[in-house]
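J.: Below you will find the structure I want to go over with you.
Throughout, read-outs are computed from the coordinates displayed, never taken from laboratory work. A quick note: this is a predicted structure, and the numbers were derived from the prediction, not measured. Glycine also receives a Cβ, built like all others from the backbone with ideal geometry; neighbour counts cover every protein chain displayed.
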Amino acid sequence: MPKPPANLQLGRAVALPRSPKEAKLDAVENPHPDTDYLVRFSAPEFTCLCPITGQPDFAHFVIDYAPGKSLLESKSLKLFLASFRNHGAFHEDCTVSIGKRVVQAIRPKFLRIAGFWYPRGGIPIDVFWQTGNLPSNAVLPDPGVGPYRARG
């Protein structure tokens, strides 16, 4: 099995970044840059902090992208998302900031991020952001996360 490049977090012990600003997203070469396809990451256990109260906020993220020359390495994404655990930001800021950082790291042809936030104060907030053009022959499935429904 080939050894990962030294500049990647993959294949070695890496401390959890203290903040999203310190976190690094790794790009790896797309083995099929001439083919349009879609990649999906789901992160159902995202946490951050309310910037006002310091209380925890929880979300389920679905990130869909059509890669260009690079793919997003999944370990770096996990570390990046975990770096929000002690970070205070509003739902909209977290969702859009994550999408923009991924775009900056890998320059995809298309990206959509869907943030399904659990209720605080009785109101769930869902945040969606996308950029680029979905290739005409790529399939973009529904995010697969239904709207929040209370018990009963």
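J.: Quickly run through segment 103-150 and pick out the residues that are of a type in the set (Asp, Glu) and either assigned to a strand (DSSP E or B) or more than 17 Å from the chain's Cα centre (by Cα) (or both).
T.: First pass over segment 103-150, keeping only residues of a type in the set (Asp, Glu): 126, 142.
Matches in segment 103-150: Asp126 only.
J.: Here is a follow-up. Among the residues of segment 8-17, write down those that are out of contact with any Ser or Thr (no Cβ under 7 Å at 6 or more places or on another chain) and in contact (Cβ under 8 Å) with a residue 12 or more places away in the chain. Explain how you work it out, then say what you get.
T.: Residues of segment 8-17 out of contact with any Ser or Thr (no Cβ under 7 Å at 6 or more places or on another chain): 8, 10-15.
Hits for segment 8-17 are Leu8, Leu10, Val14.
J.: Here are the criteria: (1) touching a residue at least 40 places away in the same chain (Cβ under 8 Å); (2) touching a Phe, Trp or Tyr at 6+ places or on another chain (Cβ under 9 Å). Tell me which single one Tyr37 does not satisfy.
T.: (2)
J.: Identify, by number, the condition in (1) touching a Gly at 6+ places or on another chain (Cβ under 9 Å); (2) under 23 Å from Asn7 (Cβ atoms); (3) surrounded by fewer than 18 Cβ atoms within 10 Å (Cβ to Cβ); (4) aliphatic (A, V, I, L, M) that Leu49 doesn't meet.
T.: The single condition Leu49 does not satisfy is (2).
J.: Further, regarding this structure: Suppose the filter is touching a residue at least 60 places away in the same chain (Cβ under 8 Å), under 14 Å from the mean Cα position of the chain (by Cα) and in a helix (DSSP H, G or I); does Phe80 pass it?
T.: Values: touching a residue at least 60 places away in the same chain (Cβ under 8 Å): yes; under 14 Å from the mean Cα position of the chain (by Cα): yes; in a helix (DSSP H, G or I): yes.
Judged against the criteria, Phe80 is a match.
J.: While we're on this one: What is the number of the single condition among (1) surrounded by fewer than 19 Cβ atoms within 10 Å (Cβ to Cβ); (2) in contact with an Asp or Glu (Cβ under 9 Å, 6 or more places away or on another chain); (3) in contact (Cβ under 8 Å) with a residue 60 or more places away in the chain; (4) among the hydroxyl-bearing types (Ser, Thr, Tyr) that Ser70 does not meet?
T.: The number of the failed condition is (3).
J.: Which of the residues belonging to segment 11-41 are among the polar types (S, T, N, Q) and either out of contact with any strand residue (DSSP E or B) (no Cβ under 6 Å at 6 or more places or on another chain) or surrounded by fewer than 16 Cβ atoms within 10 Å (Cβ to Cβ) (or both)? Give the steps one after another, and end with the answer.
T.: Narrowing segment 11-41 to residues among the polar types (S, T, N, Q): 19, 30, 35.
Result: Ser19, Thr35.
J.: What are the residues in segment 41-75 that are among the small types (Gly, Ala, Ser) and assigned to a strand (DSSP E or B), if any? First the steps, then the outcome.
T.: As a first pass, look at segment 41-75 and keep what is among the small types (Gly, Ala, Ser): 42-43, 54, 59, 66, 68, 70, 74.
Across segment 41-75, the qualifying residues are Ser42, Ala43, Ala59, Ala66, Ser70.
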